[in-house]
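The values are calculated or read from the model by the stated rules, or taken from the named source; none is laboratory data. None of these values were measured; they are calculated from a predicted model. When we count neighbours, we look across all protein chains shown, and the Cβ atoms used for this are built from the backbone with ideal geometry, even at glycine. Quick note on the areas: whole protein, heavy atoms, side chains included, nothing else; ligands and nucleic acids left out. Shrake-Rupley method; radii C 1.70, N 1.55, O 1.52, S 1.80 Å.
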Amino acid sequence: MSETRKNHLTIDGGQIKETTDEHVASYKPIPESDADFRTSKSSLHKSKEKVSSDGAEEKLLQKEDEAKIVTRVDMAEAKYVVGDHRNGDAKIELDANKKQFSGLTKEELMKYAEDPFWVRLRWFMFVLFWALWLCMLAGAIAIIVRAPKCAAPLPKTWYEKGPLVDMSSVEDYREVESALPLMEKSKVSGIFAFVCKDSYEVLDDPTCIDQFKEFVAKAKKFGIKVIADLTANFVSKTHKWFQLSENRSSEYSDYFVWAKGNEYDPEKPSTQPEPPNKWVSTLNEPAWTWSEKRQEFYLHMYGEDQPDLNFTNVDVVRQFDAVIKAWMQAGADGIRLQHARELHANSSLGDEVPAGGGGAGGAGGADHTQRAFWRLRHSADPPALDLLLAHWALLARSDAGDTVFTIAESGARPELFVLKRNTSALRPPAAAPLPLRDPRAALPLLRARLPRWPALQLTSEDGVDEELAAFAMLLPAAPVLQLQQLGNNGTSPSEGLLHAVSLREDASVQHGEYALAAAPTHNSSLTVLVCVRWKRGHTGYVALYNAADEAVRADASAVRSLPDALAVLRAPPAHEYVKDLLVESNDILIPPRSSVILSYVPKTEAEN
């Protein structure tokens with residue numbers, strides 16, 4: 001019969017303790033007479049000395065030393081194994097229950113997943129990730145937006161592209177109307193048109209402005225814009241304003257420039273006083289005339305019958321304000337002012353000094369009776385002129401699009417915008433007609449004017465040169481032409497000019513770089529004028545103009561951006577060049593009084 005046996009053992013300090021085991025073992029009691037059992041029991045009391053198998057003597061520890069040795073076994077890591085239960089065999093296996101860590105179970109994971117701390121931590125990390133991502137996105141957008149970049153160039157206006165034709169000297173609208181088909185075929189963008197002899201006439205008589213409206217309507221059918229040519233400086237001596245001013249009418253008394261004059265010269269037979277100063281008119285005559293009726297001098301920088309208005313008087317300024325508004329409402333696409341630099345807007349009547357200083361006169365050997373002799377600090381270019389031009393430029397604007405407001409320049413004096421005056425209101429700034437008889441002399445004049453993209457008219461000895469008009473198409477300026485320059489006696493456009501005009505739409509001409517040079521020639525001491533245009537990634541162009549009466553072979557190889565070979569794009573009629581013919585840049589044949597235009601691929605180092 002079997003029974004429960006306490007066979008779990010704990011080893012602690014050399015003592016053996018029994019523990020309950022559920023294993024059941026059946027055995028047969030051993031008789032006490034069994035000699036072997038008794039012998040094994042008595043063997044515990046044997047000598048503490050024994051001999052090992054190799055013959056070496058080994059001593060056992062004393063009891064007090066054995067007691068110091070403590071062996072601890074964690075039974076959670078031990079396993080009791082029963083062998084043959086009939087014989088009572090058993091053994092203890094240490095670390096038998098020790099297992100490798102294999103991760104958390106699903107139940108354990110769910111316990112942590114639902115823990116409030118871990119829930120809050122997960123949400124915090126989730127929000128932090130997306131906040132950082134959004135910050136990075138916002139930073140990238142800010143860098144893209146705020147990073148410096150090259151803005152696209154503004155497109156050129158219709159008047160900057162040109163060409164423009166000056167028809168202001170033609171007083172008959174019917175003559176201008178007959179030329180409209182030719183100007184349309186020649187791709188003319190606008191014309192300067194005559195309006196009437198007295199710009200102020202529109203304030204009293206609408207007849208002149210009605211004719212202008214009819215002409216503008218016809219011009220617009222051909223795609224041509226009309227710029228009204230006006231003169232603000234003066235009115236006729238027979239104008240009611242002057243008559244009222246001469247009679248000292250209170251409203252008009254200060255409409256003109258009046259001055260009392262100096263004491264009369266006793267050596268002269270006349271008792272008429274001397275003029276207030278020695279100003280000289282643009283006609284090289286005294287600028288003052290005596291009025292017997294008013295007993296004062298009146299100023300006229302032009303003819304004696306054209307008294308100057310006084311633009312220090314705000315009422316006079318308002319009168320011309322009304323004139324500008326009238327012509328703009330009549331359909332004008334802009335205003336050009338004639339004689340603007342002589343507008344009297346200066347209260348000072350100071351004496352002029354000689355241009356050369358020390359009593360020496362100006363250019364050309366002029367004397368004190370000629371305007372070129374004087375420096376013109378009081379009778380021209382008054383400081384208030386800049387404000388007047390800015391004021392009128394604002395009135396000349398239109399909601400319909402870009403409009404012109406500029407002045408007509410003439411004479412030997414440097415243009416107003418070249419003098420570094422505040423002429424930003426001018427659109428475009430105007431240059432005086434520039435002769436190209438001598439390329440070396442013309443080169444510095446061109447270089448001083450072209451950075452502002454002015455309205456520019458090039459002239460030759462006879463003033464009418466179709467070949468010069470073709471050369472002007474490559475300049476960074478608004479070309480101003482005469483009707484005769486459109487070619488073929490004003491009946492049909494010149495094919496050569498048309499080809500040059502078409503280049504005005506090219507990016508290299510509108511927004512590209514440019515270089516000007518006076519190129520030498522192989523067969524003479526003459527030079528030719530060279531204009532080169534190029535833009536990165538676009539075709540480059542070069543125009544050469546020979547102002548001489550003989551053919552020359554020009555060397556343009558020294559001009560930057562030009563390669564060794566150039567392709568002919570435009571040549572004079574009946575010339576040996578054909579389109580796309582390759583020529584060497586150091587040997588370009590140019591006929592007399594002619595222009596040649598060639599194309600090329602710009603050098604990379606020149607583009608940069």
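For this structure, a couple of remarks:
- Residue in region 142-162 that is farther than 30 Å from A500 by Cα, assigned to a helix (DSSP H, G or I), open to solvent by less than 90 Å² (accessible area, probe 1.4 Å) and among the hydrophobic types (A, V, I, L, M, F, W, C) present: yes
- Residues of region 286-297 classified as open to solvent by 70 Å² or more (accessible area, probe 1.4 Å) and basic (K, R), total: 1
- Scanning region 474-491 for residues that are closer than 15 Å to L434 by Cα, in a loop (DSSP other than H, G, I, E, B) and at pLDDT 95 or above turns up L475, P476, A477.
- Test: residue in region 175-193 that is farther than 22 Å from A472 by Cβ, in contact (Cβ under 8 Å) with a residue 24 or more places away in the chain and surrounded by fewer than 18 Cβ atoms within 10 Å (Cβ to Cβ): yes
- Some residue of region 215-222 being farther than 28 Å from G487 by Cα and open to solvent by 10 Å² or more (accessible area, probe 1.4 Å): no
- Inter-residue pairs, beta-carbon under 8 Å, first over 12 Å from S424 (Cα atoms) and in region 386-399, second of a type in the set (V, I, T) and outside any helix (DSSP H, G or I), 6+ apart: W392/I335; A396/I335; A396/T403; A396/V404; R397/T403
- Pairing each residue of region 502-524 that is over 11 Å from D555 (Cα atoms) with any residue that is of a type in the set (F, W, Y) and open to solvent by 60 Å² or more (accessible area, probe 1.4 Å), provided the two are 6+ apart or on different chains, yields no C-beta distance under 7 Å.
- Among residues of region 417-428 that are touching a residue at least 60 places away in the same chain (Cβ under 8 Å), those with a beta-carbon under 8 Å from a residue that is among the charged types (D, E, K, R) and open to solvent by 20 Å² or more (accessible area, probe 1.4 Å) at least six positions away or on a different chain give the pairs R427/D402; P428/E160; P428/R452.
- Selected residue (criterion: most open to solvent (accessible area, probe 1.4 Å)) from residues of region 317-332 that are β-branched (V, I, T) and over 35 Å from the mean Cα position of the chain (by Cα): V317
- V559 being within 20 Å of P451 (Cβ to Cβ) and of a type in the set (V, I, T): yes
A quick yes/no check of all residues on (1) modelled with pLDDT of 95 or more; (2) open to solvent by 80 Å² or more (accessible area, probe 1.4 Å); (3) among the basic types (K, R):
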site: K268; (1), (2), (3): no, yes, yes
site: P276; (1), (2), (3): no, no, no
site: L299; (1), (2), (3): yes, no, no
site: D308; (1), (2), (3): yes, no, no
site: D315; (1), (2), (3): yes, no, no
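- Any pair with Cβ under 9 angstrom, 6 or more apart, that starts in region 441-453 at a residue that is part of a helix (DSSP H, G or I) and ends at one that is open to solvent by 60 Å² or more (accessible area, probe 1.4 Å) and not polar (S, T, N, Q): A448/P414; L450/Y514
- Verdict on A543 being open to solvent by 20 Å² or more (accessible area, probe 1.4 Å), more than 12 Å from L589 (Cβ to Cβ), touching a Ser or Thr at 6+ places or on another chain (Cβ under 9 Å) and among the small types (G, A, S): no
- Filtering region 391-414 to residues that are open to solvent by 50 Å² or more (accessible area, probe 1.4 Å) and either over 31 Å from the mean Cα position of the chain (by Cα) or hydrophobic (A, V, I, L, M, F, W, C) (or both) leaves L394, A400, S410, G411, A412, R413.
- Hits in region 194-210 - residues which are exposed (fewer than 15 other Cβ atoms within 10 Å of the Cβ) and without any contact (Cβ under 8 Å) to a residue 40 or more places away in the chain: K197, D204, D205, P206, T207, D210
- Total residues in region 399-410, condition in contact with a helix residue (DSSP H, G or I) (Cβ under 9 Å, 6 or more places away or on another chain) and assigned to a loop (DSSP other than H, G, I, E, B): 4
- Hey, A425 surrounded by fewer than 19 Cβ atoms within 10 Å (Cβ to Cβ) and not in a helix (DSSP H, G or I) or not: yes
- Scanning region 125-160 for residues that are β-branched (V, I, T) and either at pLDDT 90 or above or in contact with a strand residue (DSSP E or B) (Cβ under 6 Å, 6 or more places away or on another chain) (or both) yields V127, I141, T157.
- Among the numbered conditions (1) open to solvent by 30 Å² or more (accessible area, probe 1.4 Å); (2) in contact with an Asp or Glu (Cβ under 7 Å, 6 or more places away or on another chain); (3) not charged (D, E, K, R), the only one that L283 does not meet is (2).
- Every condition in (1) in contact with a Pro (Cβ under 7 Å, 6 or more places away or on another chain); (2) open to solvent by less than 20 Å² (accessible area, probe 1.4 Å) is met by E342 except one, and the failing one is (1).
- Pairs, first open to solvent by 30 Å² or more (accessible area, probe 1.4 Å) in region 556-575, second part of a loop (DSSP other than H, G, I, E, B) and modelled with pLDDT under 85, C-beta under 7 Å, six or more apart: none
- Residue check for I335: in a strand (DSSP E or B), hydrophobic (A, V, I, L, M, F, W, C) and open to solvent by less than 10 Å² (accessible area, probe 1.4 Å): yes
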